[in-house]
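The values are calculated or read from the model by the stated rules, or taken from the named source; none is laboratory data. Since this is a predicted model, take the numbers as computed values, not measurements. All Cβ positions, glycine included, derive from the backbone under ideal geometry; neighbour counts span all protein chains shown.
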Amino acid sequence: MKDVASDGVDDIYLSPIDVQTLADRATERLRNAIQRGSLRPGMQLVERDLAERLGMSRVPIREAIQRLVEEGLVKKMPHRGTFVYLPSLREIEEISSLRIVLEWFVIERVIARWSPIHEDKLQAIVEQIRAAVATQDRHRMSELDAEFHNVMWEIADHNILLEVISSLRKRVTRLLYETISLMPTEELFGAVTSHVDLINVIKSGNVEMAKVEMSRHISGARDRILVYHQRYFPVSESNGHGLPVSPSPELAANSLAAANSLATANSLADNSNVLA
(Lines give C-alpha, C1' and ligand atoms only; values in the text may rest on other atoms or scores of the structure.)
Protein backbone atom coordinates (compact mmCIF):
# COMPACT_ATOMS: atom_id res chain seq x y z
CA MET A 1 0.00 0.00 0.00
CA LYS A 2 1.36 3.41 -0.94
CA ASP A 3 2.15 6.01 1.67
CA VAL A 4 -0.30 8.87 1.17
CA ALA A 5 2.51 11.40 1.49
CA SER A 6 4.37 9.71 -1.38
CA ASP A 7 1.58 10.65 -3.78
CA GLY A 8 2.51 14.27 -3.43
CA VAL A 9 -0.48 15.21 -1.25
CA ASP A 10 0.28 18.46 0.54
CA ASP A 11 0.39 17.98 4.32
CA ILE A 12 -1.94 20.95 4.82
CA TYR A 13 -4.83 18.92 3.43
CA LEU A 14 -4.26 16.21 6.04
CA SER A 15 -3.85 18.51 9.02
CA PRO A 16 -6.39 18.36 11.87
CA ILE A 17 -9.68 20.06 11.07
CA ASP A 18 -11.39 22.52 13.37
CA VAL A 19 -14.73 20.72 13.68
CA GLN A 20 -16.46 23.61 15.44
CA THR A 21 -18.68 25.28 12.86
CA LEU A 22 -20.12 28.77 12.97
CA ALA A 23 -23.39 27.22 14.13
CA ASP A 24 -21.51 25.55 17.00
CA ARG A 25 -19.96 28.85 18.01
CA ALA A 26 -23.28 30.68 17.73
CA THR A 27 -25.00 28.01 19.83
CA GLU A 28 -22.31 28.25 22.51
CA ARG A 29 -22.48 32.03 22.67
CA LEU A 30 -26.25 32.25 22.74
CA ARG A 31 -26.48 29.48 25.33
CA ASN A 32 -24.02 31.32 27.56
CA ALA A 33 -25.80 34.63 26.96
CA ILE A 34 -29.03 33.02 28.21
CA GLN A 35 -27.39 31.34 31.19
CA ARG A 36 -25.42 34.45 32.14
CA GLY A 37 -28.41 36.76 31.80
CA SER A 38 -27.53 38.81 28.71
CA LEU A 39 -30.66 37.27 27.21
CA ARG A 40 -33.38 37.03 29.83
CA PRO A 41 -36.55 34.93 29.94
CA GLY A 42 -39.19 36.32 27.60
CA MET A 43 -36.80 38.32 25.42
CA GLN A 44 -37.44 37.95 21.71
CA LEU A 45 -34.58 36.57 19.57
CA VAL A 46 -34.36 38.25 16.17
CA GLU A 47 -32.01 36.51 13.72
CA ARG A 48 -30.97 39.73 12.00
CA ASP A 49 -30.03 41.46 15.25
CA LEU A 50 -28.17 38.44 16.64
CA ALA A 51 -26.25 37.97 13.39
CA GLU A 52 -25.14 41.59 13.52
CA ARG A 53 -24.11 41.39 17.17
CA LEU A 54 -22.19 38.14 16.76
CA GLY A 55 -20.62 39.10 13.43
CA MET A 56 -21.93 36.25 11.30
CA SER A 57 -24.67 35.52 8.79
CA ARG A 58 -28.22 34.56 9.73
CA VAL A 59 -27.79 30.92 8.62
CA PRO A 60 -25.68 29.74 11.62
CA ILE A 61 -27.84 31.87 13.92
CA ARG A 62 -30.96 30.09 12.64
CA GLU A 63 -29.36 26.69 13.22
CA ALA A 64 -28.16 27.71 16.68
CA ILE A 65 -31.64 28.85 17.66
CA GLN A 66 -33.11 25.54 16.54
CA ARG A 67 -30.59 23.67 18.69
CA LEU A 68 -31.53 25.80 21.69
CA VAL A 69 -35.20 25.06 21.01
CA GLU A 70 -34.35 21.35 21.21
CA GLU A 71 -32.48 21.96 24.48
CA GLY A 72 -35.53 23.68 25.94
CA LEU A 73 -33.84 27.08 26.34
CA VAL A 74 -35.74 28.80 23.54
CA LYS A 75 -39.39 28.71 22.50
CA LYS A 76 -40.78 29.28 18.99
CA MET A 77 -44.27 30.75 18.86
CA PRO A 78 -46.17 30.60 15.53
CA HIS A 79 -46.84 34.08 14.14
CA ARG A 80 -45.14 35.66 17.17
CA GLY A 81 -41.45 34.89 16.98
CA THR A 82 -38.76 33.16 19.00
CA PHE A 83 -38.22 33.87 22.69
CA VAL A 84 -35.92 32.93 25.53
CA TYR A 85 -37.93 30.30 27.35
CA LEU A 86 -39.41 30.70 30.80
CA PRO A 87 -40.61 27.43 32.37
CA SER A 88 -44.16 27.57 33.69
CA LEU A 89 -44.79 26.93 37.38
CA ARG A 90 -46.06 23.47 36.50
CA GLU A 91 -42.95 22.68 34.49
CA ILE A 92 -40.71 23.84 37.33
CA GLU A 93 -42.55 21.44 39.62
CA GLU A 94 -42.26 18.62 37.07
CA ILE A 95 -38.57 19.23 36.40
CA SER A 96 -37.83 19.28 40.12
CA SER A 97 -39.81 16.13 40.91
CA LEU A 98 -38.16 14.25 38.05
CA ARG A 99 -34.74 15.49 39.12
CA ILE A 100 -35.35 14.13 42.60
CA VAL A 101 -36.11 10.66 41.23
CA LEU A 102 -33.04 10.71 38.98
CA GLU A 103 -30.82 12.07 41.75
CA TRP A 104 -31.95 9.19 43.98
CA PHE A 105 -30.53 6.86 41.34
CA VAL A 106 -27.37 8.96 41.31
CA ILE A 107 -27.13 8.63 45.10
CA GLU A 108 -27.38 4.84 44.92
CA ARG A 109 -24.61 4.62 42.34
CA VAL A 110 -22.39 7.18 44.07
CA ILE A 111 -22.57 5.36 47.41
CA ALA A 112 -21.78 2.06 45.68
CA ARG A 113 -18.69 3.64 44.09
CA TRP A 114 -17.65 5.95 46.94
CA SER A 115 -13.96 6.39 47.68
CA PRO A 116 -11.75 8.87 49.59
CA ILE A 117 -10.76 10.38 46.24
CA HIS A 118 -14.38 11.26 45.53
CA GLU A 119 -14.77 12.78 48.98
CA ASP A 120 -11.66 14.92 48.53
CA LYS A 121 -12.90 16.16 45.16
CA LEU A 122 -16.31 17.19 46.50
CA GLN A 123 -14.84 18.70 49.66
CA ALA A 124 -12.53 20.82 47.51
CA ILE A 125 -15.56 22.23 45.71
CA VAL A 126 -17.26 22.94 49.04
CA GLU A 127 -14.21 24.92 50.16
CA GLN A 128 -14.43 26.95 46.97
CA ILE A 129 -18.12 27.58 47.67
CA ARG A 130 -17.16 28.72 51.17
CA ALA A 131 -14.66 31.16 49.67
CA ALA A 132 -17.23 32.44 47.18
CA VAL A 133 -19.71 32.99 50.03
CA ALA A 134 -17.10 34.93 51.98
CA THR A 135 -16.63 37.32 49.05
CA GLN A 136 -20.33 37.22 48.10
CA ASP A 137 -19.41 36.07 44.60
CA ARG A 138 -22.85 34.76 43.75
CA HIS A 139 -22.08 33.90 40.17
CA ARG A 140 -19.16 31.75 41.28
CA MET A 141 -21.43 30.09 43.83
CA SER A 142 -23.83 29.14 41.04
CA GLU A 143 -21.00 27.72 38.93
CA LEU A 144 -19.64 25.69 41.85
CA ASP A 145 -23.05 24.28 42.72
CA ALA A 146 -23.34 23.06 39.13
CA GLU A 147 -19.81 21.65 39.32
CA PHE A 148 -20.65 19.80 42.54
CA HIS A 149 -23.57 18.04 40.90
CA ASN A 150 -21.57 17.36 37.77
CA VAL A 151 -18.92 15.56 39.83
CA MET A 152 -21.68 13.52 41.50
CA TRP A 153 -23.00 12.52 38.08
CA GLU A 154 -19.50 11.57 36.95
CA ILE A 155 -19.03 9.37 40.02
CA ALA A 156 -22.35 7.68 39.23
CA ASP A 157 -20.76 6.65 35.91
CA HIS A 158 -23.90 6.36 33.78
CA ASN A 159 -23.70 8.19 30.45
CA ILE A 160 -27.39 8.22 29.56
CA LEU A 161 -28.31 9.34 33.06
CA LEU A 162 -25.79 12.18 32.76
CA GLU A 163 -27.31 13.25 29.45
CA VAL A 164 -30.89 13.24 30.77
CA ILE A 165 -30.27 14.88 34.13
CA SER A 166 -27.98 17.60 32.77
CA SER A 167 -30.62 18.42 30.14
CA LEU A 168 -33.21 18.89 32.87
CA ARG A 169 -30.93 21.19 34.83
CA LYS A 170 -30.24 23.33 31.76
CA ARG A 171 -33.90 24.31 31.71
CA VAL A 172 -33.60 26.02 35.08
CA THR A 173 -29.91 26.98 35.23
CA ARG A 174 -30.57 30.68 34.68
CA LEU A 175 -33.35 30.73 37.26
CA LEU A 176 -31.07 28.98 39.77
CA TYR A 177 -28.51 31.73 39.33
CA GLU A 178 -31.16 34.42 39.68
CA THR A 179 -32.36 32.93 42.96
CA ILE A 180 -28.81 32.94 44.36
CA SER A 181 -28.37 36.56 43.27
CA LEU A 182 -31.46 37.51 45.27
CA MET A 183 -30.68 35.55 48.45
CA PRO A 184 -30.05 37.64 51.59
CA THR A 185 -26.41 37.59 52.63
CA GLU A 186 -27.14 35.69 55.83
CA GLU A 187 -28.70 32.85 53.83
CA LEU A 188 -25.66 32.32 51.59
CA PHE A 189 -23.88 30.23 54.21
CA GLY A 190 -26.67 27.69 53.88
CA ALA A 191 -25.18 26.82 50.49
CA VAL A 192 -22.08 25.54 52.28
CA THR A 193 -24.03 23.64 54.90
CA SER A 194 -26.32 21.87 52.42
CA HIS A 195 -23.37 20.54 50.39
CA VAL A 196 -21.47 19.47 53.50
CA ASP A 197 -24.56 17.60 54.72
CA LEU A 198 -24.82 15.80 51.37
CA ILE A 199 -21.21 14.66 51.52
CA ASN A 200 -21.54 13.46 55.11
CA VAL A 201 -24.66 11.43 54.52
CA ILE A 202 -23.22 9.87 51.37
CA LYS A 203 -20.05 9.04 53.26
CA SER A 204 -22.14 7.29 55.92
CA GLY A 205 -23.40 4.84 53.30
CA ASN A 206 -27.03 5.28 54.39
CA VAL A 207 -28.83 5.30 51.04
CA GLU A 208 -32.27 6.24 52.37
CA MET A 209 -30.97 9.13 54.46
CA ALA A 210 -28.91 10.32 51.49
CA LYS A 211 -32.04 10.31 49.33
CA VAL A 212 -33.87 12.38 51.94
CA GLU A 213 -31.02 14.91 52.02
CA MET A 214 -30.89 15.12 48.22
CA SER A 215 -34.66 15.65 48.09
CA ARG A 216 -34.31 18.47 50.60
CA HIS A 217 -31.49 19.99 48.55
CA ILE A 218 -33.44 20.01 45.27
CA SER A 219 -36.73 21.02 46.87
CA GLY A 220 -35.04 24.05 48.44
CA ALA A 221 -33.81 25.15 45.01
CA ARG A 222 -37.28 24.57 43.55
CA ASP A 223 -38.91 26.71 46.22
CA ARG A 224 -36.49 29.57 45.57
CA ILE A 225 -37.17 29.35 41.82
CA LEU A 226 -40.92 29.47 42.39
CA VAL A 227 -40.59 32.57 44.57
CA TYR A 228 -38.44 34.26 41.92
CA HIS A 229 -40.85 33.21 39.15
CA GLN A 230 -43.89 34.62 40.93
CA ARG A 231 -42.07 37.80 41.89
CA TYR A 232 -40.92 38.73 38.38
CA PHE A 233 -43.57 37.01 36.27
CA PRO A 234 -46.72 37.25 38.39
CA VAL A 235 -49.14 36.51 35.52
CA SER A 236 -46.97 34.33 33.29
CA GLU A 237 -49.06 31.23 33.93
CA SER A 238 -52.05 32.63 32.07
CA ASN A 239 -50.68 32.21 28.55
CA GLY A 240 -49.74 28.53 28.92
CA HIS A 241 -46.79 28.84 26.56
CA GLY A 242 -43.87 29.24 28.92
CA LEU A 243 -43.53 32.92 28.07
CA PRO A 244 -44.19 35.84 30.40
CA VAL A 245 -47.33 37.79 29.56
CA SER A 246 -46.19 40.89 31.43
CA PRO A 247 -42.83 40.79 33.19
CA SER A 248 -42.53 43.03 36.21
CA PRO A 249 -41.24 46.56 35.49
CA GLU A 250 -38.06 45.75 37.42
CA LEU A 251 -37.25 42.77 35.21
CA ALA A 252 -38.25 44.62 32.05
CA ALA A 253 -35.75 47.37 32.86
CA ASN A 254 -33.05 44.83 33.58
CA SER A 255 -33.81 43.03 30.32
CA LEU A 256 -33.38 46.21 28.28
CA ALA A 257 -29.97 46.82 29.83
CA ALA A 258 -28.99 43.19 29.43
CA ALA A 259 -29.87 43.18 25.74
CA ASN A 260 -27.21 45.82 25.10
CA SER A 261 -24.55 43.60 26.66
CA LEU A 262 -24.90 40.79 24.10
CA ALA A 263 -22.23 42.45 21.98
CA THR A 264 -19.71 41.18 24.54
CA ALA A 265 -20.89 37.57 24.18
CA ASN A 266 -17.75 36.42 22.35
CA SER A 267 -15.35 37.25 25.16
CA LEU A 268 -17.87 36.26 27.79
CA ALA A 269 -18.44 32.81 26.32
CA ASP A 270 -14.74 32.12 25.87
CA ASN A 271 -14.15 32.64 29.61
CA SER A 272 -17.27 30.93 30.90
CA ASN A 273 -17.65 27.53 32.45
CA VAL A 274 -21.32 27.37 33.21
CA LEU A 275 -22.80 23.88 33.45
CA ALA A 276 -26.51 23.64 32.98
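Assorted remarks:
- Unique match (being over 19 Å from Ile218 (Cα atoms), surrounded by 20 or more Cβ atoms within 10 Å (Cβ to Cβ) and not β-branched (Val, Ile, Thr)) among Tyr177, Tyr85: Tyr85
- The one condition in (1) at pLDDT below 85; (2) buried (at least 19 other Cβ atoms within 10 Å of the Cβ); (3) of a type in the set (Val, Ile, Thr) that Val201 fails to fulfil: (1)
- Check on Leu161, surrounded by 14 or more Cβ atoms within 10 Å (Cβ to Cβ) and under 23 Å from Pro116 (Cβ atoms): no
- Residue match in segment 42-62 (condition: at pLDDT below 85 and within 22 Å of the chain's Cα centre (by Cα)): yes
- Ala51 falls short on exactly one of the conditions (1) within 15 Å of Arg171 (Cα to Cα); (2) touching a Lys or Arg at 6+ places or on another chain (Cβ under 6 Å); (3) of a type outside the set (Lys, Arg), and that condition is (1).
- Cβ-Cβ under 7 Å pairs, at least 6 apart or on other chains, segment 55-78 side assigned by TED's automatic domain parsing to the domain that holds Gly37 and over 20 Å from Arg169 (Cα atoms), far side part of a strand (DSSP E or B) and of a type outside the set (Phe, Trp, Tyr): Lys76/Thr82
- Number of the condition not met by Val196 [criteria: (1) among the aliphatic types (A, V, I, L, M); (2) farther than 18 Å from Val133 by Cα; (3) modelled with pLDDT of 80 or more]: (2)
- Cross-chain or 6+ apart pairs with Cβ under 6 Å, segment 186-201 first and within 16 Å of Val106 (Cα to Cα) and without any contact (Cβ under 8 Å) to a residue 24 or more places away in the chain, then in a helix (DSSP H, G or I) and aliphatic (A, V, I, L, M): Val201/Met209; Val201/Ala210
- Complete set of residues in segment 112-129 that are exposed (fewer than 11 other Cβ atoms within 10 Å of the Cβ) and not aliphatic (A, V, I, L, M): Ser115, Pro116, Asp120
- The residues on offer are Leu122, Leu144, and the sole one that is modelled with pLDDT under 95, assigned to a helix (DSSP H, G or I) and farther than 22 Å from Pro87 by Cβ is Leu144.
- Residues of segment 6-24 that turn out to be surrounded by fewer than 17 Cβ atoms within 10 Å (Cβ to Cβ) and at pLDDT 80 or above, as a count: 3
- Qualifying residue in segment 58-73 (condition: surrounded by 18 or more Cβ atoms within 10 Å (Cβ to Cβ) and farther than 13 Å from Arg25 by Cα): yes
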